[in-house]
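Reviewing the structure listed below.
The values are calculated or read from the model by the stated rules, or taken from the named source; none is laboratory data. Bear in mind the structure is a predicted one, so any value in this text is a computation, not a measurement. All Cβ positions, even for glycine, are placed from backbone atoms using ideal geometry, and neighbour counts span all protein chains on display. For accessibility, only protein heavy atoms count, side chains too; no ligands or nucleic acids. Shrake-Rupley method; radii C 1.70, N 1.55, O 1.52, S 1.80 Å.
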Amino acid sequence: MPGLLQDHVAVVTGGGSGIGEAIAVGYAREGARVAVLDVDGDAAANTASTIAAQSGKAIALALDVSQREACFAAAKEVAHQLGAVSILVNNAGINRRNPVAADADVFFKDWQDIMAVNLTGMLNVTQAFLPALRDSKGRIVNIGSIQSFVHVRTPNSAAYTTSKHGVLGFTKALAAELGKDGVRVNAIGPGLIETPINAQVRAARPELVQVFLDHTPLGRAGKPDDIVGPAVFLASDMSSYVTGTIVMADGGYRTI
Ligand SMILES: NC(=O)c1ccc[n+]([C@@H]2O[C@H](COP(=O)([O-])OP(=O)(O)OC[C@H]3O[C@@H](n4cnc5c(N)ncnc54)[C@H](O)[C@@H]3O)[C@@H](O)[C@H]2O)c1
């Protein structure tokens with residue numbers, strides 16, 4: 001039986017680890033040819049190897065999404081190697097935890113770095129692939145967060161919270177702008193997902209994890225694979241009348 005993403009070409013930024021890796025592998029399983037883009041070229045190559053080992057088709061490119069010209073060059077390379085892109089997942093992201101009110105210079109550096117990847121990086125990659133996405137009536141999936149809405153219980157991450165609110169704002173604005181072209185733009189809002197991005201804080205501050213779990217009706221942290229279903233849904237024809245929204249995959253976090 002053909003997969004839900006048969007004949008699609010998908011690009012996943014930050015596809016070398018965690019959520020992006022799971023989405024890249026999941027998309028390939030559904031029949032898409034996948035370009036795995038990551039600032040860590042070896043990690044991207046590992047994901048592409050995993051896909052190849054499962055008889056899927058993938059390429060890997062080293063790309064820092066904050067480097068605008070490199071994003072446009074990557075778009076050309078992906079088109080050359082895989083063909084016209086019809087799905088883009090803006091997943092690459094970083095987080096730092098420092099108070100706004102402590103060391104001003106430290107927080108300012110966090111702010112600049114986080115905005116460069118989580119927001120400007122998302123814009124760079126989106127613009128680089130936009131001509132192809134418009135031609136294919138494509139789909140864009142941006143990775144937001146529970147921090148696209150709230151900041152409680154996530155201390156000292158004001159820059160990250162601001163960036164993830166921005167991801168949701170960009171998702172809505174772009175959906176409104178591109179609807180007439182048949183391009184759908186949505187986001188996913190993961191809750192606490194066990195990946196390298198939070199490995200250190202999970203190890204060092206188990207009490208913070210517990211606070212999260214106490215506010216998660218499903219009573220467990222998420223795994224990267226928990227994000228694959230929503231990501232396939234939003235990229236496939238199953239969501240043909242869905243645009244400008246965010247699908248929360250957070251174990252119900254915002255309900256309590
Ligand atoms: N893990 C969670 O609990 C959680 C929750 C909500 C949202 N998110 C979001 O999910 C996305 C993926 O995070 P993850 O948890 O899988 O983290 P991760 O650290 O496992 O993966 C992030 C990947 O992005 C890559 N990356 C970082 N900067 C990059 C850049 N400038 N250019 C290209 N690639 C870059 C990294 O090399 C890494 O492979 C991020 O946007 C993150 O904010 C994660």
_the chain: translational diffusion in µm²/s, Stokes-Einstein, Kirkwood Rh over Cα pairs, 25 °C, 0.890 mPa s_ = 135 µm²/s
*Which of the trypsin sites (Lys or Arg not before Pro) across segment 41-96 are loop residues per DSSP, with 16 or fewer other Cβ within 10 Å?*
Lys57, Arg96
_His151 accessible area, 1.4 Å probe, all protein chains in place, Å² to nearest 10_ = 70 Å²
*With each run of n ≥ 4 DSSP H residues scored as -39500 (n - 2.57), what mean residue ellipticity at 222 nm is computed for the chain after dividing by its residue count and rounding to the nearest 500 deg cm²/dmol?*
-13000 deg cm²/dmol
*Can you grab the distance from the C-alpha centre of segment 183-256 to the C-alpha centre of segment 106-159, Å, no decimals?*
15 Å
*When the chain is treated as a GNM, springs tying every alpha-carbon pair under 10 Å, which of Ala235, Ala58, Ala79 comes out with the largest mean-square fluctuation?*
Ala79
_Among Lys172, Lys109, Lys137, which one shows the highest mean-square fluctuation when the chain is modelled as a Gaussian network with alpha-carbon springs under 10 Å?_
Lys109
*Sorting Arg29, Arg184 by accessible area (1.4 Å probe), largest first, what list results?*
Arg29, Arg184
*Among Gly31, Phe108, Ala203, pick out the residue whose Cα is farthest towards the positive end of the charge dipole of segment 9-251, where Lys and Arg carry +1 and Asp and Glu carry -1 on C-beta, about the Cα centre.*
Gly31
*Give me the lysines in straight-line cross-link reach of Lys164: C-alpha distance below 23 Å, same-chain residues under 8 apart excluded.*
Lys109, Lys172, Lys223
*For segment 45-86, rounded, prolate or oblate, judged on the Cα gyration tensor with a ≥ b ≥ c (square roots of eigenvalues), a/c < 1.5 rounded, else prolate if a/b > b/c?*
oblate
*Considering only protein heavy atoms, what is the solvent-accessible area of Ile256 at a probe of 1.4 Å, reported in Å² to the nearest 10?*
100 Å²
*asked:* How large is the accessible surface of Asp135 in square angstrom, using a 1.4 angstrom probe and rounding to the nearest 10?
replied: 140 Å²
*For the chain, build the charge dipole from Cβ charges (+1 Lys, Arg; -1 Asp, Glu) around the Cα centre, then report which of Gly144, Pro217, Gly166 sits farthest towards its positive end.*
Pro217
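Which percent of the accessible area of the chain is formed by carbon and sulfur heavy atoms (probe 1.4 angstrom)?
Working: 6390 of 11590 Å².
Using a 1.4 Å probe with all protein chains present, the chain comes out at 55 percent carbon and sulfur.
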*Please give the per residue accessible area of the chain, computed with a probe of 1.4 Å over protein heavy atoms only, in Å².*
45 Å²
*What order, most packed first, do the peptides 185-191, 2-8, 101-107 have when packing is the mean number of other Cβ atoms within 10 Å of each residue?*
185-191, 2-8, 101-107
*Give me the distance in nm between label points sitting 7 Å out from Cα along the Cα-to-Cβ direction at Lys180 and His80, one decimal.*
3.5 nm
*Determine the dipole magnitude for segment 9-251: charges of +1 sit on the beta-carbon of Lys and Arg, -1 on that of Asp and Glu, nothing else is charged, the reference point is the Cα centre, and the result goes in debye to the nearest 20.*
440 debye
